[in-house]
1. In the stretch 330-347, what residues are surrounded by fewer than 17 Cβ atoms within 10 Å (Cβ to Cβ) and part of a helix (DSSP H, G or I)?
2. Which numbered condition in (1) outside any helix (DSSP H, G or I); (2) surrounded by fewer than 22 Cβ atoms within 10 Å (Cβ to Cβ); (3) of a type in the set (D, E) is the only one that E316 fails?
3. What are the pairs, 6+ residues apart or on separate chains, where a residue within the stretch 456-468 that is more than 22 Å from A151 (Cβ to Cβ) has its Cβ under 6 Å from a residue that is assigned to a helix (DSSP H, G or I)?
4. Please give the helices (runs of 4 or more DSSP H) falling wholly within the stretch 29-141 in which 1 or more residues are among the β-branched types (V, I, T) and under 25 Å from R180 (Cα atoms).
5. Go through the stretch 117-136 and give me each residue that's open to solvent by 10 Å² or more (accessible area, probe 1.4 Å) and under 23 Å from the mean Cα position of the chain (by Cα).
6. Name every residue in the stretch 507-522 that is open to solvent by less than 50 Å² (accessible area, probe 1.4 Å) and more than 35 Å from the chain's Cα centre (by Cα), in order of residue number.
7. Within the group V362, V380, V350, V357, which residue is in contact (Cβ under 8 Å) with a residue 40 or more places away in the chain, among the hydrophobic types (A, V, I, L, M, F, W, C) and surrounded by fewer than 20 Cβ atoms within 10 Å (Cβ to Cβ)?
8. Every residue in the stretch 183-230 that is crowded, with 24+ Cβ neighbours inside 10 Å, among the acidic types (D, E) and either part of a loop (DSSP other than H, G, I, E, B) or touching a helix residue (DSSP H, G or I) at 6+ places or on another chain (Cβ under 6 Å) (or both), please.
Amino acid sequence: MVASRIREVAALADQCTWNGVQEYDQINGNFTAPYEYNNYTAPVVGPGGIDHDILRMVRRMSVEEKVGQMTQLEVGQIIDCNGHLNVTAAEYWIGKWKIGSILETPANHNGRYNWYSAARFSEFTDAVQKIALEKGSKVPLIWGLDSVRGAQYVGGAVIFPAGIATAATFNPKYAYDAGRVAAKDSRAAGTHWAFAPIMDLSVNKLWSRVYENFGEDPFLSSEMAKMSVAGYQGNYKSDRTRVAACMKHFIGYGYPFDGKDRSNRHIAAHELLEYYVPPFKAAIDAGVATTMESYGVINGEAVMLSHYYLQKLLREQLGFKGTLVTDWGEINSQAQTYFTAKDIKQATQVALQRTSVDISMVADDQSFTETTIDLVKSGVISEHRLDQSVARVLQLKKDLGLFEQPFADPKLAATVGSAQDVETARNAVRESVTLLKNSNGTLPLSLYEKILFLGPTLNSTRYMGGGWNVHWQGPSEKEGDSVYQGFGDTILTGIEGVTGSVPVYLPGIGIDGAQLTSINDIVSAAKSADKIVIGLGEHTYAENE
């Protein structure tokens, strides 16, 4: 509540003049300029021991500074009523609570622009970094971003196929390519940590997140995971075009018993180890720097509070040595959603005592920070427990070069949306297309045939793109395809590019099933066509029930 009041006061001081309608940040498509990159194929050197200078830094920190390094705040808490950086709020969070990490794009949290270009994004992140170096602990921030399909939150960046489509190529090279380009474009925006790859096994097909993952085969998912980590991280301890990857969600998230996101999972112990663990073990062996724990409960035990899952299995048996972050508000959710703790204080205490969690993605308030400081100063949680986590967090920052250069590299912005990235993504799409049946020589289509194209997804970049596409839930109804500023493909534009003529097209129905073209008109057009191509699909979404 204190933070909310700070924002209100700052907003009044800023004299709110914005109507809240997001603007278009001009995207300059860089479709001809090539760039060079290190196609790193050697084994990734992942997290290991803690350097002596990091240990000395930890020893010099106060309890408040240590807890701040374990706190991750969503960017909306430092955006003012005009959609710009709220310097007062940023100084408050960094100065008073000494936070060490921020996540997300301003576009998803009432920022001025609906898709921040790398240049605009980096202006924001650099300004916040400057405050971090002058206030609070004076330690650089690590900025996390859900760059799960390329850096889809960076304006003009190439958006790659979703995980299920990447897996459909059966070629791990495309997982590598998507990770490499995502890393470069994320660093161009001044962010350093990608919450990817998503490695849940999509066992229950009713689950809304099936499309995000590499399918249900542990072997294929493992192979994709290894190459994805290599793409994101490469030689991340020296290559500043790479980011820290984050394998998620550990563990068993892909089998909600009723298909609803975050529902309970009933998974036998031997099945968990035989099917769900191998992709994560592969990512750990590949050197993944960070892990995100899973929402929800397995067999009645909350993952977030589980000593077995987040200490014994992850750390001791699988040998993970990197940084462990919670998912969004998951410690607080133990008291507010799952009722596995009586209040936030108990949830925080149990999470710190029973697990090896290093960073709380508390997101919206100071509850974790305030509560943890109180628990340590009252002797309930030892300061040594903080030291373990803070050392891992600071080592991660050092490995990413943030102590040397915490600001964005402006040269990288010129490579965002480059022609070679576009072609790389298109190659992945080409190989992901899956032919299920071809009776009577229906395919390939001929230039000399009369083809009727029918359906709402054929003429929409947004519907073809799905979720995690510009925004978390995809572009809004109001934005439609205009958010891409002409840089998005559709099936119809692709057909026109190949044939040189405008396709015969009828929408038929809307994405919600509403009739847009009369049955008589559809039947009439169909009678004069040799073949009909129908494009159906669903609204864009992510994490829906």
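The values are calculated or read from the model by the stated rules, or taken from the named source; none is laboratory data. Small disclaimer: the values here were computed from a predicted structure and weren't measured. Cβ atoms come from the backbone with ideal geometry, glycine included; neighbour counts cover every protein chain shown. The protein model used for the area step is the full one, side chains on, heavy atoms only, and it has no ligands, DNA or RNA in it. Shrake-Rupley method; radii C 1.70, N 1.55, O 1.52, S 1.80 Å.
1. Filtering the stretch 330-347 for residues surrounded by fewer than 17 Cβ atoms within 10 Å (Cβ to Cβ) gives 336-337, 339, 342-343, 346.
Passing the criteria: Q336, Q346.
2. (1)
3. So the pair list comes out as T457/Y463; T457/M464; L458/I491; L458/L492; N459/L492.
4. Numbers: elements: 52-60, 63-69, 87-96, 118-134.
Here the list reads 118-134.
5. S117, A119, R120, S122, E123, F124, D126, A127
6. Those that are open to solvent by less than 50 Å² (accessible area, probe 1.4 Å) and more than 35 Å from the chain's Cα centre (by Cα): T517, I522.
7. Details: V362 fails: surrounded by fewer than 20 Cβ atoms within 10 Å (Cβ to Cβ); V380 fails: in contact (Cβ under 8 Å) with a residue 40 or more places away in the chain; V357 fails: surrounded by fewer than 20 Cβ atoms within 10 Å (Cβ to Cβ).
From the options V362, V380, V350, V357, the qualifying one is V350.
8. D200, E212
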